[in-house]
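A short worksheet on the structure shown next.
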Amino acid sequence: MIADFIKDGKVKLEFHHFPLQMHGAPATTAANAAECAADQNAFWPYHDQLFAQISAQGASAVTIENMSALADSFHLDDATFTTCVTQQTHSQEVQDSVNQAIAQGFPGTPTILVNGQMLDSLDYDTLNSAVNAALAQASN
């Protein structure tokens, strides 16, 4: 999808944090850490690696030691990153994202909208068809 539509500017990808309450504080901490990595231009690589670690290890992956080690692997400034995470610098930003998702009626993650319409399926072919239809409509 990224190569097909986003890289050439046909489609805008918008990402919002939506840490689920059932995952507790670690989910919010991980979202904050990803934003701290974003401060140093490493949001996506950091986010993807941390999410992979959480998927494999569960909440035990969300420790300051592990998150700092991951930040080090991306050559982020450790002191800046650690201060950002421990002070929860982006906690309001993460909470605002959650509030926006709830206000828009998003049922969970991921939620995909195409021109404001929520897709029922996360299947690539369904998404591809919806995006192509929206692009065709926009060019008319």
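For this structure, a couple of remarks:
- Close pairs from the stretch 8-27: first under 13 Å from Val94 (Cα atoms) and of a type in the set (Phe, Trp, Tyr), partner part of a loop (DSSP other than H, G, I, E, B) and at pLDDT 85 or above, Cβ under 8 Å, at least 6 apart: Phe18/Phe106; Phe18/Thr111
- Test result for Ser55, under 18 Å from the mean Cα position of the chain (by Cα), closer than 20 Å to Gly24 by Cα and in contact (Cβ under 8 Å) with a residue 12 or more places away in the chain: no
- Qualifying residues in the stretch 55-70 (those that are buried (at least 16 other Cβ atoms within 10 Å of the Cβ) and touching a Ser or Thr at 6+ places or on another chain (Cβ under 9 Å)) - the one farthest from Thr86 (Cα to Cα): Ala61
- Residue count, the stretch 34-51 (criterion: within 20 Å of Thr83 (Cα to Cα), of a type in the set (D, E, K, R) and under 12 Å from the mean Cα position of the chain (by Cα)): 1
- Looking across Phe74, Phe81, one residue alone is touching a Phe, Trp or Tyr at 6+ places or on another chain (Cβ under 8 Å) and of a type in the set (Phe, Trp, Tyr). It is Phe74.
- Count of residues meeting criterion [of a type in the set (Val, Ile, Thr), part of a helix (DSSP H, G or I) and under 30 Å from Asp72 (Cα atoms)] in the stretch 83-127: 5
- Scanning the stretch 108-132 for residues that are without any contact (Cβ under 8 Å) to a residue 12 or more places away in the chain, surrounded by 10 or more Cβ atoms within 10 Å (Cβ to Cβ), of a type outside the set (S, T, N, Q) and farther than 19 Å from Val98 by Cα gives Leu119, Asp123.
- Of all residues in the stretch 42-70, none satisfies the criterion of being at positive phi and modelled with pLDDT of 95 or more.
- Ser73 of a type outside the set (D, E, K, R), loosely packed, with under 14 Cβ neighbours inside 10 Å, touching a helix residue (DSSP H, G or I) at 6+ places or on another chain (Cβ under 9 Å) and at pLDDT 95 or above: yes
The values are calculated or read from the model by the stated rules, or taken from the named source; none is laboratory data. Predicted model only: the values in this text are computed from it and were never measured. Every residue, glycine among them, receives a Cβ derived from its backbone with ideal geometry; neighbour counts consider all protein chains shown.
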